[in-house]
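In what follows, a single structure is set out as structure tokens and then discussed.
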Amino acid sequence: MAVMPLVKRWFGILVLVMVAAGLAVPAGACVGKTLVIGAKGTPQQELLAEILSILITERTGTSIKVVKYATTAEAHDALMKADLDMYVEYTGVGQLEVLKGEAVSDPGALYQAVKATYNQDLNLIWLEPLGFDDPRVAAAGVPAQAAPVVRKDTLKKFPALSRLINKLGGAISWETMQDLEARAVKDGPRDVARKFLKDGRFI
């Protein structure tokens, strides 16, 4: 007869553990919230937005909305107004077009300068460069490393986001980017983005 109370006690402990575990998961995740990712009007930008979208959704359960913008000015303005949470920008474009700064030829120095000014003056955070420099997007021959730019308050709401996105740091070479763009024309950016993330074991 002493078996039943023991079973009940263990069942109660199991329920408590399950409840505690269930409460612990959403606390560090982004479930139930929506992130808005921007894409400027190029196939590369659309592909990069899909890569970020699928990575975040698959790994956190967060709902993502991708919004397209025609120009850098439109995307940056939306980011500043909090209509947008993040988009991929290029260091040379950020320095020359957004900050109206002087050309910097060293890629590392340019990234650090843009990152520091965006953080201090605009409350925007540059995450790790994705690994390629696109010579087509910046004037004056300055480096144009691609990297996600995120609102600082977004990172406060989604504390695991920067660590997750930074897993893509250095993962996309210029050769890889060109190959992905070419395949996206035939297969569509979303399918190509998903395959890239699966092949790289990001999802």
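Nothing in this text is a laboratory measurement; each read-out follows from the coordinates by a stated rule. All figures in this text were calculated on a predicted structure; none of them were measured in a lab. Don't worry about glycine lacking a Cβ; one is built from the backbone with ideal geometry, like all the others, and counts go over all protein chains shown.
Explain nothing, just the number: relative contact order of segment 33-199, from Cα pairs under 8 Å at least 6 residues apart, as a whole percent. Result for segment 33-199 is 25 percent.
What Kirkwood hydrodynamic radius do you get for segment 33-199 when you take the inverse of the mean 1/r over all pairs of distinct Cα atoms, in Å? Value: 15.8 Å, from the Cα pair sum. When the Cα positions of L127, P107, Q95 are compared along the charge dipole of segment 33-199, L127 comes out farthest toward the positive end, with charges on each C-beta of Lys, Arg, Asp and Glu.
Distances between placed amide hydrogens fall under 5 Å for E89 paired with A147, V149, all partners being 5 or more residues away or on another chain. Placing a label point 7 Å from the Cα of T57 along the Cα-to-Cβ direction, the residues of segment 169-203 with a backbone N closer than 17 Å are 188-199, 202-203.
Footprinting exposure proxy ranking of R59, R201, fewest other C-beta atoms within 10 angstrom first, gives R201, R59.
Fewest to most neighbouring Cβ within 10 Å: what's the order for W174, W126? Ranked by crowding around the Cβ, least crowded first: W174, W126. Among L122, L35, the ranking by other beta carbons within 10 Å of each residue's beta carbon, starting with the fewest, stands as L122, L35. Basic side chains Lys and Arg get +1 at the Cβ, acidic Asp and Glu get -1 at the Cβ, and with that the dipole of segment 33-199 about its Cα centre reaches some 700 debye. Residue pairs exceeding 23 angstrom between C-alpha atoms, taken from K65/K195; K40/K152; K33/K100: K33/K100.
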